Structure formats: structure tokens, C-alpha cells
1. Among the residues of the range A:33-84, write down those that are outside any loop (DSSP other than H, G, I, E, B) and surrounded by fewer than 20 Cβ atoms within 10 Å (Cβ to Cβ).
2. When you scan the range B:64-72, do you find a residue that is crowded, with 21+ Cβ neighbours inside 10 Å, facing chain A (nearest Cβ under 10 Å) and outside any loop (DSSP other than H, G, I, E, B), even just one?
3. Determine whether residue A:240 is on the phi > 0 side of the Ramachandran plot, at pLDDT 95 or above, in contact with a helix residue (DSSP H, G or I) (Cβ under 9 Å, 6 or more places away or on another chain) and not in a helix (DSSP H, G or I).
4. Within the range B:14-58, how many residues turn out to be touching a helix residue (DSSP H, G or I) at 6+ places or on another chain (Cβ under 8 Å), closer than 24 Å to residue B:96 by Cα and more than 8 Å from chain A (Cβ to nearest Cβ)?
5. Any idea which of (1) buried (at least 19 other Cβ atoms within 10 Å of the Cβ); (2) under 21 Å from residue A:276 (Cβ atoms); (3) within 14 Å of chain B (Cβ to nearest Cβ) is the one residue A:103 doesn't satisfy?
6. Whether any residue in the range A:212-222 is closer than 28 Å to residue A:124 by Cβ and in a loop (DSSP other than H, G, I, E, B) is what I want to check.
7. Kindly indicate whether any position in the range A:122-145 is within 12 Å of chain B (Cβ to nearest Cβ), more than 20 Å from residue A:267 (Cα to Cα) and in contact with a helix residue (DSSP H, G or I) (Cβ under 8 Å, 6 or more places away or on another chain).
């Protein structure tokens with residue numbers, strides 16, 4: 001194969017099947033997204049706690065991303081479709097980095113693919129809000145607002161200072177540092193729509209308030225911090241919406257998403273997410 | 001023989017093929033030792049799907065240039081910012097009809113709902129008018145927003161400050 005600057009085609013090597021990473025879309029068997037980054041666990045960082053932390057944050061992103069991907073070809077307008085796909089892609093990228101770090105920290109020889117495609121439902125540690133299906137666009141933006149405001153604050157805490165164990169891990173801190181910039185876009189996108197619809201017509205206001213009321217029982221599980229809570233209150237005020245006072249969705253035998261106990265929605269997501277990898281173990285696509 | 005840095009710096013970005021990875025600030029470091037080269041790149045956004053492609057292009061380019069042992073490593077920190085796009089890169093963006101980013105806005109302490117960070121002027125790459133509006137903060141790739149010019153009505157993409 002010969003080429004020079006004048007005819008160099010950036011896509012040319014897609015046709016080159018001799019290397020292992022000449023694929024464009026996401027699938028399995030990709031190169032380690034943390035390749036070349038020091039994988040050791042620094043002294044003073046509890047490896048088991050780090051693995052658990054990265055797994056939980058990675059699962060939130062993976063499952064939420066999958067829910068957003070389901071809006072592709074179904075969004076009300078092309079601009080929203082593009083926005084949701086971009087947000088889903090950011091979260092998928094965060095999930096890959098976090099699951100890879102979780103696999104390094106647990107030290108059992110697994111990788112991101114094995115964690116994503118070959119774990120059972122009870123081994124997933126995402127909050128139950130992440131797995132919820134959006135019934136309409138109002139629920140979509142309400143859920144995205146709560147989720148991204150919460151996640152942004154979580155990641156800001158990770159980057160704030162050396163932080164408590166295991167957040168002092170430099171790889172987790174670097175992942176969080178990148179994610180903070182992305183989550184700010186996600187949160188602002190959702191906030192703009194919640195305000196537009198909440199402070200819109202009587203009909204859009206009613207739909208927006210109903211969406212918020214519907215998902216609020218799942219918000220308790222997040223343990224919203226002061227900054228995220230204050231941001232949500234400011235958005236609700238601007239949107240003329242009432243912060244719901246509904247009771248939290250009850251744990252099952254004392255357990256919630258972080259303990260591996262999920263809602264009915266989770267099984268359907270995993271069936272869709274994992275079926276190809278499980279039907280063809282070891283295949284790459 | 002062309003240096004390893006020059007070879008690596010000539011690799012084009014798959015999503016913005018008017019620019020090289022050096023123009024975009026994705027190429028962070030190239031180290032040469034004997035016949036071995038280690039190239040360090042950084043992703044723009046966490047989910048950038050082009051990283052594998054860029055690494056493959058780097059290995060191919062350097063391999064064809066005679067380097068037998070090429071390693072491509074990733075670096076996450078410090079996080080990529082549009083401030084690393086070179087002046088040459090900004091010129092090439094504008095020539096390709098994509099408005100280049102302005103300086104990254106300084107983060108402000110959040111006291112009220114701040115939906116729009118300081119709106120800097122984004123000029124239309126077609127007619128140069130500063131009278132443009134944001135249609136969507138997201139566009140065909142993660143790093144771009146979609147805008148439209150009010151003067152000439154041209155829709156265009158803008159590499160958003162990040």
C-alpha cells in the first residue's frame with residue numbers, strides 16, 4: 001500500500017484488516033483505553049475500594065448511556081437526536097475508562113468487555129435511576145437533569161483535592177477531570193429543556209411536573225449533595241416547577257442498585273446489551 | 001529521513017481531516033530511541049471513537065517510514081483543551097468552514113442557574129458576520145456545536161471551547 005500526503009485518506013486503514021483496531025463503531029475487543037497509563041495502584045489506595053468505586057461509577061455511565069442510545073432515531077428533532085447521541089457517547093467513554101480501571105484494581109484478569117457483557121444483573125452496581133426507561137421527552141430531560149447534576153458533583157468531589165481513599169487514585173482523578181467538562185454540557189442541556197418546558201405552556205408545564213414526580217422516588221438513592229441539590233432547586237424555581245416531596249422507592253430487603261438489586265427494567269437492558277457477546281463468546285465486532 | 005515527530009505530526013484527524021493531530025493538540029509527545037518510537041496521544045472527549053483509528057494510523061505511518069518498533073500510549077491528564085489547538089489549526093478550521101474556538105472561558109462560581117457561559121462572539125466562517133446564533137450545543141462530533149449565521153443564513157459548525 002503506498003500513499004503520500006497528497007492522497008492520504010484518514011479512512012484508508014479501515015480497510016486494512018491486518019491490525020486489530022481498525023474499526024470505527026463501538027463493539028468488543030478494542031484496545032485498552034488506558035493503554036500506556038501507569039496501571040499500578042499507589043500506596044495508600046485501597047484496591048478493593050477503588051475497584052468498587054470505579055465499578056459503580058462505570059456501571060452508572062454504561063447503563064445510562066444504553067438508555068440514551070435507545071433514543072437514536074426516536075428523538076423529536078435532529079438537533080436533539082445529535083445531542084442525545086453525543087451525551088451517550090461521552091458516558092460510554094467514561095464507562096470504558098472506569099470499567100478498565102475497575103478491572104485493573106480488582107486484579108482478576110478481567111477487562112472492560114468481561115465486566116460489561118459477562119456479569120449477571122446482581123453484579124451490576126448502577127443506581128436504579130440509570131436503568132429507568134423514559135416514557136416521553138419530559139421524563140428524558142428530567143432524568144438527565146437529576147442524573148448529570150448528581151454525577152457532576154460526585155466527579156467534582158473526586159477532583160477537588162487528594163480526597164479520601166480511594167478517590168486519591170490518580171487514574172480515577174484523571175478520568176473524573178475529563179468527565180467534569182462533559183457532564184457540565186449534559187446538565188446544562190437538560191436544564192435548558194426543563195426550564196423551557198416547565199415555564200412553557202400549561203400543557204408542557206403539566207407534563208414536565210408529572211415527569212419529575214414520576215422519577216423522584218428514584219432520586220433519593222443518589223444521596224444528592226448540597227451543590228447538586230441547590231442547582232436543581234434553582235432550575236425548578238426558574239422552570240416554575242415544584243420539587244416533589246414523594247417518598248423514596250423502597251429498597252428490596254434493604255438493598256438498592258448499589259447493592260446489585262435492580263428494577264424490572266434492568267433485565268431487559270442487559271438482554272439487549274449482552275446477547276450478542278454471550279451468543280458468540282470471544283468474537284469481536 | 002523525516003523525523004519521527006514530523007511523521008507522527010502529519011497524521012490527519014479522522015473526524016476533522018483538514019487538520020493533523022498536531023494541529024489539534026492530540027499529539028503530546030514523540031520519543032525516539034534507536035529504531036523504537038513511543039508516541040503519546042490524548043483523547044479530546046472521553047468517548048472519542050477516533051482514538052483507535054489514530055493509533056492505527058500512527059503505527060502505519062511510522063512503520064512505513066522505517067520505524068520497526070512503534071508504541072502508542074494514551075495520556076488523560078492534563079485533560080485536553082481547545083486552547084491546545086495551534087494557530088495553524090485554527091486557520092485550517094476556518095478554511096474548512098468550521099468556526100474555530102475562542103479562548104476557554106474561566107469557570108464562574110455558581111450562585112444562580114448559569115445556563116450559558118460567557119457567550120463569546122463566533123464569526124460566520126462564510127461571510128465573517130459576528131451575528132450568529134447557537135442552534136445546538138452538540139453537532140456531528142463531540143467537539144463541535146451547531147450554529148447559524150443571521151446575516152447570510154449559512155448553518156455552520158463551531159469547535160466549542162472546552
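1. A:47, A:48, A:49, A:52, A:56, A:69, A:78, A:79, A:80, A:81
2. yes
3. Yes; evaluated as a whole, the condition is true for this residue.
4. Adding up the residues that qualify gives 13.
5. (3)
6. No: zero hits.
7. yes
Condition check ((1) touching a residue at least 60 places away in the same chain (Cβ under 8 Å); (2) within 11 Å of chain B (Cβ to nearest Cβ); (3) out of contact with any helix residue (DSSP H, G or I) (no Cβ under 7 Å at 6 or more places or on another chain)) across all residues:
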site	(1), (2), (3)
A:52	yes, no, yes
A:64	yes, no, no
A:69	no, no, no
A:79	no, yes, yes
A:89	no, yes, yes
A:92	yes, yes, no
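The values are calculated or read from the model by the stated rules, or taken from the named source; none is laboratory data. Quantities reported herein were computed from a predicted structural model and do not represent experimental measurements. Here Cβ is always computed from backbone atoms with ideal geometry, including for glycine, and neighbour counts include all displayed protein chains.
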